[in-house]
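Derivation of every value follows stated rules applied to the coordinates shown; laboratory data play no part. Just so you know, these numbers come straight off a predicted model, no measurement behind them. Cβ sites come from the backbone with ideal geometry, for glycine too, and all protein chains shown count toward neighbours.
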Amino acid sequence: MCIIVDINIATDVLFPAPIGADEFEPIREAFGKGTAKLVCGGKLRDEYDKSAKVRRQFLVLERAGRARIISKESLDDTELRNIDRFAKCKSNDKHILALAICSGARLLCTNDGNLINDFRNKDIIEPRGNVYKYKKHKPLIARHCTRLRIR
């Protein structure tokens, strides 16, 4: 259980695009089949809540058992315990990195170049994560969507 979706790409991931241009169809299929879960919590959940469309789709996934919420307290604790590690960050998305560490999720959908670099940096997240951006990354879903760890 596996995927973190940054708010900057959430509508592209959660909603179909025109035929032939839908890079995220495999993710939605995995959500539908129950072979993947959307991992969310803390500040990312707050960002989702600011978009009515994303919030509604997240609630649909949550009710279907296809989304998992990590508590804000767990994420805050993870950020505090990893303050030295996060000092190396280039992005302003420590909340997403904390979510990855806390949940064990190592698959991210984002368009943020600095976050991509941080997510792949083993000094920040170990084991380092992978980023899904294109349909050709479909094998990453099977590779990463096996478990969800809660600390």
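Structure above, values below:
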| item | result |
| --- | --- |
| Tilt relative to the chain, helix 72-81 - C-alpha long axis, 0 to 90 degrees, to 10 | 40 degrees |
| Distant-in-sequence amide H partners of LYS37 (H built 1.01 Å from N, under 5 Å) | CYS2, ILE3 |
| Peptides ranked, highest mean first, by Cβ atoms within 10 Å: ranges 98-108, 78-88 | 98-108, 78-88 |
| Compactness index (Cα Rg / 2.2 N^0.38 Å), region 34-151 | 1.02 |
| Gain upon complete extension [PHE15, GLU29; 0.36 nm per residue less C-alpha separation] | 3.9 nm |
| Mean separation of Cα contacts under 8 Å (6+ apart) over length of region 52-122, as relative contact order % | 28 percent |
| Protection proxy ranking of 42-51, 119-128 - average other beta-carbon atoms within 10 Å, highest first | 42-51, 119-128 |
| The chain, relative contact order [Cα under 8 Å, separation at least 6], % | 33 percent |
| Length gained when the stretch ASP77-ASN111 is fully extended (0.36 nm per residue, less Cα-Cα span) | 9.6 nm |
| Whole-Å semi-axes of region 46-86's equivalent ellipsoid (Cα gyration tensor) | 27, 12, 7 |
| Integer Hz, Karplus 6.51/-1.76/1.60 couplings in order for region 98-114, x for Gly and Pro | 4, 4, 5, 5, 5, 8, x, 5, 10, 10, 10, 10, 7, 10, 7, x, 5 |
